[in-house]
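Reviewing the structure listed below.
The values are calculated or read from the model by the stated rules, or taken from the named source; none is laboratory data. No experiment lies behind these values; they were computed from the predicted model shown. All Cβ positions, glycine included, derive from the backbone under ideal geometry; neighbour counts span all protein chains shown. Only protein heavy atoms, including side chains, enter the accessible area calculation; ligands, DNA and RNA are left aside. Shrake-Rupley method; radii C 1.70, N 1.55, O 1.52, S 1.80 Å.
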Amino acid sequence: MDARLLKIEAARAALAYVEDGATIGIGTGSTAEEFVRLLAARVADGFTVVGVPTSERTARLCGELGVPLTTLDAAPRLSVTVDGADEVGPDLALIKGGGGALLREKIVAAASDSMVVIADDTKLVEMLGRFALPIEVNVFGLAATRIAVEKAASRLGLSGPVALRGGQTPFVTDGGHMILDASFGRIPDPRALSEALHAIPGVVEHGLFLDLASVAIIAGENGVSTIKATR
């Protein structure tokens, strides 16, 4: 089964967590887009749902496919968010942000009663860090912020390049920020790194999603499995 079919199967299983009449968060990325397509088919058949998109990209796709949308200001509490992940580690600690929407994704996930992660089994890791950690930063003071990130990582025994996404043509998030991709390799203590990064004034948010995911739906060659958080 190819990668897209695995994503579709994970997305299909996530529909079971969405109740008729619910207001839900809708994630960003290739797996989340498969969920939007399946959800749109349900809506066309009469299923009632309203979504809060985590990016302009997701909002456009929902609009094209007929999934009704609202804002988090109009619906500040959501029943569930369905989103993908770049890595799924122990107890459903995640790395997210490969699609560049990590700030809005985290805001929406935190405003939800539960978060359902959909992914293929290549995203499962024993320790986070194989995927470069996205760090959303303010444009002002970018060089100083990058140095502060490197120093904070070094204090935790982490090293590796911290690169501006897009290089000479920087990627700009929906919020008008930039992203540093930190290739640390392995992150033994994601909670300590999270706290260290949050202490840096120029860091807007980072892609370590801790204590947010309730369930991960993982699709592989042998079918779809469900992992529940133990906390």
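Here are some notes:
- Spatially, segment 92-113 and segment 121-167 are offset by 16 Å when compared through their Cα centroids.
- Residue range of the chain that is longest and free of chymotrypsin sites (Phe, Trp or Tyr not before Pro) which are both DSSP loop and sparsely packed (at most 14 other C-beta within 10 Å): 1-139
- Nearby lysines by direct alpha-carbon distance to Lys228 (threshold 28 angstrom, same-chain neighbours under 8 apart not counted): Lys7, Lys96, Lys106, Lys123
- Computed over protein heavy atoms with a 1.4 Å probe, the accessible surface of segment 73-228 works out to 44 Å² per residue.
- Apportionment of accessible area to carbon and sulfur, segment 190-231, percent (1.4 Å): 50
- Solvent exposure of Asp45, expressed as accessible area, is near 140 Å², computed with a probe of 1.4 Å over the protein chains only.
- The apolar share of the surface of segment 1-117, taken as the fraction of accessible area on carbon and sulfur atoms (1.4 Å probe, ligands and nucleic acids excluded), comes to 52 percent.
- Whole-number accessible area per residue in Å² for segment 1-63, which is evaluated in the context of all protein chains at 1.4 Å: 43
- Taking 0.36 nm per residue of separation and subtracting the Cα-Cα distance, full extension of the segment from Leu38 to Glu19 would add 5.4 nm.
- Most mobile of Arg12, Arg37, Arg60 in a GNM of the chain (Cα contacts under 10 Å): Arg60
- Angle of helix 30-44 to the longest C-alpha principal axis of the chain, folded into 0 to 90 degrees and rounded to 10: 20°.
- For segment 185-231, the gyration tensor built on C-alpha atoms gives a prolate shape. Its axis ratio a/c (a ≥ b ≥ c) is at least 1.5, and a/b is the larger of a/b and b/c.
- FRET efficiency, 1/(1 + (r/R0)^6) with R0 25 Å, evaluated for Ala74 and Ala144 via beta carbons: 0.10
- Shape call, segment 62-117: gyration tensor on alpha carbons, a/c limit 1.5: prolate
- The chain: equivalent-ellipsoid semi-axes (sqrt of 5 x gyration tensor eigenvalues, Cα, Å): 30, 20, 15
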